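*Asks:* Here you go, one structure.
Laboratory data are not the source of any read-out in this text; all were calculated from the coordinates shown. As the structure is a computational prediction, the values presented were derived from the model and not from experiment. Positions of Cβ are backbone-derived with ideal geometry, glycine not excepted, and every protein chain shown enters the neighbour counts.
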Amino acid sequence: MKKFVKYLIAALLIILIYVAYLEYPRLNIITGFASKNMTSVLFLGHRSQESVEQGENGFSPINLARCEVDPVKSKVTASIYGLNKRTAVYFEGLGAILVNKDFDENEPRLVPNRSRIPLELPYPYGHLPQKDTVFGEVDYRKLKLAVSDAFDVPGEQLQKTRSVLVLYKDQIIAEKYADGFDSASLMHGWSMAKSITGTIYGRLERLGKIDINETTGLPEWEDDARKDITYSNLLQMNSGLDWEEDYFKISDVTKMLYLESNMGRSQIDKPLVGTPDQSWNYSSGTTNLLAGPLLRMQFSNYQDYLDFWYIELLDKIGMHSALVETDIAGNYVGSSYAWATTRDWAKLGLLYMHKGHWNGEQVLDSTWIDYTSKPTNTSEGKYGAQFYLNAEGYFPNVPRDLIYCSGFQGQFVFIIPSKGLTIVRMGLKGEQVFDIDRFLKEIIASIN
């Protein structure tokens with residue numbers, strides 16, 4: 001009997017070790033997500049630990065992790081029952097960085113130079129209040145109801161909308177925030193960062209620094225078929241490169257965001273499994289390749305790379321609250337880690353509404369907006385260049401000229417040129433719960 005018990009214990013230990021071996025990467029991703037999220041929201045978003053635990057980190061399996069906050073060193077360590085510890089550290093100007101054991105917190109780091117002096121103009125071009133404007137064609141009662149319907153009633157946590165902003169002809173005609181949020185609250189846009197990355201390339205093209213129809217010139221690709229991939233193929237996510245984008249298991253995207261030090265390399269190392277321009281596949285790895293290694297090739301030094309995003313785009317269009325976070329290697333995580341207030345997210349939409357024109361300056365060529373709005377081959381009319389589209393009526397009750405930024409858990413900037421509408425919705429629930437078609441339909445219906 002004793003021998004049987006020994007064998008049983010040995011067998012259970014072997015099973016436990018085997019399960020731990022299989023689950024270790026998954027637990028690392030869970031604690032990585034928890035610590036990175038907590039650090040960003042605490043030190044960038046200036047919200048409480050409790051609000052993060054109930055909000056951003058309040059879903060399974062992320063809620064298994066427990067976070068220890070060091071407010072003096074601006075860092076957070078997450079673990080599961082004391083195991084699989086992962087730490088993220090906040091750096092002013094760079095955001096929260098999920099670190100590894102080789103990371104030196106005391107190493108000096110360059111930060112972007114910024115110009116945050118607001119213009120003495122009304123919003124959206126400056127910081128002053130807008131003039132009171134009443135549009136006769138707007139049914140404000142109907143509009144207020146449409147916006148209110150996007151929020152949960154007291155006692156419910158279904159749609160989890162945090163903010164809605166509606167601009168018509170550049171004027172704010174509706175604005176609402178959930179408890180605990182206001183117009184100064186920084187909102188994590190997740191994959192709306194991709195639209196910033198795409199716009200950076202539009203700015204490069206406007207300045208004559210790049211031709212997106214040229215091949216990338218990556219040395220890692222020069223000896224195989226990947227050498228024929230163009231910047232445009234990458235911007236349209238139609239490169240033919242292998243990639244798995246699944247946030248609910250160990251996949252290429254979760255390994256990149258929570259295990260890799262240099263996120264831009266994740267897509268570089270992938271083989272070609274399709275034909276460029278004929279194999280659309282949504283890939284955060286593709287965007288981080290564009291935002292990191294490929295973009296850094298355009299500059300003679302790292303400081304110029306850091307500065308370009310702000311001097312030539314974000315601060316130029318008054319997105320002074322915006323911040324794009326970096327990875328350990330110093331690359332902007334252009335796929336996923338951008339923050340801004342709701343009003344500043346709207347400015348990105350207005351830039352596209354006005355065909356690249358901003359306050360007297362042509363920031364982007366108008367042809368860039370046409371390119372962005374053109375459906376990518378094999379995307380079924382749903383995708384352009386780092387923007388989503390409604391070209392084939394995915395939202396049946398919304399005009400087909402809709403283009404929009406979209407992020408995890410329901411972050412949206414909608415641009416509807418035919419209606420003069422730019423609409424922002426931020427929250428914690430996406431399409432599975434939040435009815436986008438109805439939301440937009442009701443707002444549009446309030447304007448005669």
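*Asks:* When only alpha-carbon atoms count, how far does segment 384-448 stretch along each of its three principal axes, as whole angstroms with the largest first?
*Replies:* Dimensions of segment 384-448 along the principal axes of its Cα atoms: 31, 27, 18 Å.
*Asks:* Suppose the chain between F135 and M297 were pulled fully straight at 0.36 nm per residue; how much longer would it get relative to their current alpha carbon spacing?
*Replies:* 53.5 nm
*Asks:* Sticking with this structure for a sec: Take the cross-link list K144/K355; K36/K73; K36/K75; K144/K176; K316/K347 and give me the ones stretching past 18 Å between alpha-carbons.
*Replies:* Working: K144/K355 29 Å; K36/K73 15 Å; K36/K75 9 Å; K144/K176 9 Å; K316/K347 11 Å.
Cα-Cα > 18 Å for K144/K355; rest within.
*Asks:* Of P293, I311, V134, which is farthest along the charge dipole of the chain in the positive direction, counting Lys and Arg as +1 and Asp and Glu as -1 at C-beta?
*Replies:* Sorting the options by dipole projection puts first V134.
*Asks:* Taking all pairs of different Cα atoms in segment 32-131, averaging 1/r and flipping that mean, what Kirkwood radius in angstroms comes out? Don't skip to the end; give the middle numbers.
*Replies:* Details: mean 1/r = 0.0653 Å⁻¹.
Final number for the Kirkwood radius of segment 32-131 is 15.3 Å.
*Asks:* Collect residues whose amide H, placed 1.01 Å from N in the peptide plane, falls under 5 Å from the amide H of D365; neighbours closer than 5 in sequence don't count.
*Replies:* Amide H neighbours of D365, under 5 Å, 5+ apart: R206.
*Asks:* What residue among G349, S251, V166 has its Cα farthest toward the positive end of the dipole of segment 163-445, where the charges are +1 on Lys, Arg and -1 on Asp, Glu, each on the Cβ?
*Replies:* My answer, from the dipole projection, is V166.
*Asks:* Starting with the highest mean, order 431-442, 398-409, 214-225 by the number of other Cβ atoms within 10 Å, averaged over the residues of each peptide.
*Replies:* Details: 431-442: 16.5, 398-409: 20.3, 214-225: 12.9.
Sorting 431-442, 398-409, 214-225 by mean packing, highest first, produces 398-409, 431-442, 214-225.
*Asks:* Also, I was wondering about something else. How much length is gained if the chain between T367 and D70 is pulled fully straight, taking 0.36 nm per residue apart and subtracting their Cα-Cα distance, in nm to one decimal? Spell out each step's value before the answer.
*Replies:* Working: separation 297, 0.36 × 297 = 106.92 nm, distance 4.84 nm.
Length gained, T367 through D70: 102.1 nm.
*Asks:* Placing +1 at every Lys and Arg Cβ and -1 at every Asp and Glu Cβ, with all other atoms neutral, what dipole size does the chain have around its Cα centre, in debye to the nearest 20?
*Replies:* Working: 46 positive and 55 negative charges, 220 e Å.
That gives a dipole near 1060 debye.
*Asks:* Let me make sure I get this right: for segment 355-402, a, b and c are the square roots of the gyration tensor eigenvalues over alpha carbons, sorted descending. Under 1.5 in a/c it's rounded, otherwise prolate if a/b > b/c, else oblate. Which is it? Show your work: numbers first, answer last.
*Replies:* Values: a/c = 3.79, a/b = 1.86, b/c = 2.04.
Oblate, because a/c is 1.5 or more while a/b does not exceed b/c.
*Asks:* Taking the Cα centre of segment 95-248 as the origin, how large is its charge dipole in debye, to the nearest 20, when only Lys and Arg (+1) and Asp and Glu (-1) carry charge on their Cβ atoms? Walk me through the intermediate numbers first.
*Replies:* On the way: 18 positive and 27 negative charges, 191 e Å.
With Lys and Arg at +1 and Asp and Glu at -1, about 920 debye.
*Asks:* Can you list the residues, at least 5 places off or on another chain, whose amide H is less than 5 Å from the amide H of R162, using H built in the peptide plane?
*Replies:* Placed amide hydrogens put M426, G427, L428 under 5 Å from R162.
*Asks:* In addition: Stretch H357-E220 to full length: gain in nm at 0.36 nm per residue minus the Cα-Cα span?
*Replies:* On the way: separation 137, 0.36 × 137 = 49.32 nm, distance 3.72 nm.
Full extension of this stretch gives 45.6 nm more.
*Asks:* Could you rank the peptides 417-424, 113-120, 368-375, 52-59 by their average count of other C-beta atoms within 10 Å per residue, with the highest value first? Write out the running numbers ahead of the final one.
*Replies:* Details: 417-424: 20.6, 113-120: 11.5, 368-375: 18.8, 52-59: 17.1.
So the order, starting with the most tightly packed, is 417-424, 368-375, 52-59, 113-120.
*Asks:* Using bins 10 angstrom wide from zero, how does P(r) for segment 229-385 break down, in % of all Cα pairs?
*Replies:* It works out to 10, 34, 40, 16, 1, in whole percents.
*Asks:* Now for a different question. When the Debye formula is applied to the Cα atoms of the chain, each taken as the same point scatterer, what base-10 log of I(q)/I(0) results at q = 0.05 Å⁻¹?
*Replies:* -0.18
*Asks:* Hey, how many Å between the Cα centroid of segment 156-228 and the Cα centroid of segment 420-444?
*Replies:* About 17 Å separates the Cα centre of segment 156-228 from the one of segment 420-444.
*Asks:* From zero up to wherever the largest Cα-Cα distance of segment 114-223 sits, split into 10 Å bins and tell me the percent of pairs in each.
*Replies:* Distribution as computed: 10, 24, 31, 19, 12, 4, 0 percent.
*Asks:* Which of the helices in the chain, when you take each full DSSP H run, stretch at least 27 Å along the axis at their Cα atoms and have an average Kyte-Doolittle score of 0.5 or higher?
*Replies:* Details: long enough: 2-43 (56 Å, 1.02).
Counting only whole DSSP H runs, the qualifying helices are 2-43.
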